[in-house]
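Below is one structure; the comments refer to it alone.
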Amino acid sequence: MSDGWSVVTESKEIYSFQKSRIETVKVRLMTYHGRKVFDIRAFTEKLDGSFMPTKKGMMLDIKHLYQLEKIVDTLRKEISENSQTDSEKLSRI
């Protein structure tokens, strides 16, 4: 049975950040089944230092990038307007 990743013909990591001690979130641009997509997914580090993708994530066609930007902007505004303490406010990367 295929793991689903065998149909990825091109992949480029764009960004990553440490989510927890055992998970790293990676953002990648990929060609999947001939379509340009972006993938935001948690990876776990294996004992040999390589990373294994988890089921925690999503893959969207690049045509959905604008909608994702609108979602993030809306979340930022909502959090900023409703933050009660400094610890709840967004930190910049």
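What list of whole percents do you get for P(r) of the stretch 5-83, with Cα-Cα distances grouped in 10 Å bins up to the one holding the largest distance?
Pair shares across the bins are 17, 41, 31, 10, 1.
Return the subset of K12/K46; K12/K77; K19/K63; K12/K70; K26/K77; K55/K77 for which the Cα-Cα distance in this structure is over 22 Å, preserving the input order.
K12/K77; K19/K63; K12/K70; K26/K77; K55/K77
No value in this document is a laboratory result; all are computed from the given coordinates. Quick caveat, the model's predicted, so the values are computed rather than measured.
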